[in-house]
Amino acid sequence: MLRAVGCILLVIAAAAPVFGQPPPIPISPRPGPQGKSDRTVLIFLPQRLFSSEEFEPTLRELSLAGLQTRIASSDTGVAVSMGQIVLKPDLALPDVQVTDYAGLVLIGGSGAAMTWGDSLLQTRCRQFAESDRVVAAIGIAPITLARAGVLKGRKATVFHERSAIGWLKESGAKFSFRELVADRNIITAADDKQAHAFGRAVAAAVLAAK
């Protein structure tokens, strides 16, 4: 498991120089201003090397469902995708107030491995889960939920790779080989092929909780 995680980190280190170079590129639909908390979803992106293939369809489905979105990252400097798509987060993670949002979505990509051990992100995940708000993650991002203790005793999936699956099982999650898993307020998806369905599932859960 540690060997596989090490390989991921080597890929991140090799690709890191692209960070912060091009100007921000608008993503359509662009998240609107924050509105009612029961209709606003927070999307957390890794600052470096997030997956736009996971992010863009998820954002689109949330917007099509009539939900507002805000984008957070470690700070408000530009965030750069694995394909060098660049955007500027709306707010930094330390400034997030859980009560302002109906749910939290974690986007994956190889840079998500850099956030697995982020204690503040883990705390935010627990706060959202403990207040019965929707908590969702896609790709390798469910590992953050696992390490935060959010998945213990819950059905979940993750990118179908041995070490990623091992992280979930070690956390006490009931791992499923299904590509998309919803267990009450916890929603997980294995990869970007499920991004549209993932976004729709998150939207449905948020709207059902209103």
Karplus 3J(HN,Hα) series, Hz, for segment 116-121 with 6.51 cos²θ - 1.76 cosθ + 1.60 (x for Gly, Pro): 4, x, 5, 5, 5, 4
Label-zone membership for segment 71-108, site T123, 7 angstrom Cα→C-beta point, backbone N under 13 Å: 93-98
Hits among aspartates and glutamates - C-alpha to C-alpha of K152 under 18 Å, sequence gap 8 or more where chains match: E130, D132, E170, D183
Candidate aspartates and glutamates - alpha carbon under 17 Å from K193, same-chain residues fewer than 8 apart omitted: E53, E54, E56, E61, E161, E179
Proximal charge balance of L91 [Cβ under 14 Å; K/R count +1, D/E count -1]: -1
Projected-area average for segment 99-174 over all orientations - Cα convex hull basis, square nanometres: 4.6 nm²
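Arranged from highest to lowest average of other beta-carbon atoms within 10 Å per residue, in what order do the peptides 159-167, 143-151 appear?
Values: 159-167: 17.2, 143-151: 25.0.
The most tightly packed comes first, giving 143-151, 159-167.
Under the definition of Cα pairs under 8 Å and six or more residues apart, what whole-number percent is the relative contact order of segment 52-210? Spell out each step's value before the answer.
Working: 304 pairs, mean separation 36.4, N = 159.
Worked out over segment 52-210, it gives 23 percent.
First select every other residue whose beta carbon is under 15 angstrom from the beta carbon of L168; then total the charges, Lys and Arg +1, Asp and Glu -1.
Values: positive: R147, K152, R154, K155, R162, K169, K174, R178; negative: E161, E170, E179, D183, D191.
That works out to +3.
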Protection proxy ranking, peptides 58-69, 196-207, average beta carbon neighbours within 10 Å, highest first: 196-207, 58-69
Charge tally in the Cβ shell below 10 Å around A72, where Lys, Arg are +1 and Asp, Glu are -1, A72 excluded: -1
Relative packing of peptides 37-43, 189-195 - highest average C-beta neighbours within 10 Å first: 189-195, 37-43
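Every number here is computed from the coordinates shown, using simple stated rules; none is lab data. Predicted, not measured: the structure shown is a model, and the values here were computed from it. Quick reminder, even Gly has a Cβ in these numbers, built from the backbone with ideal geometry, and neighbours come from all protein chains shown.
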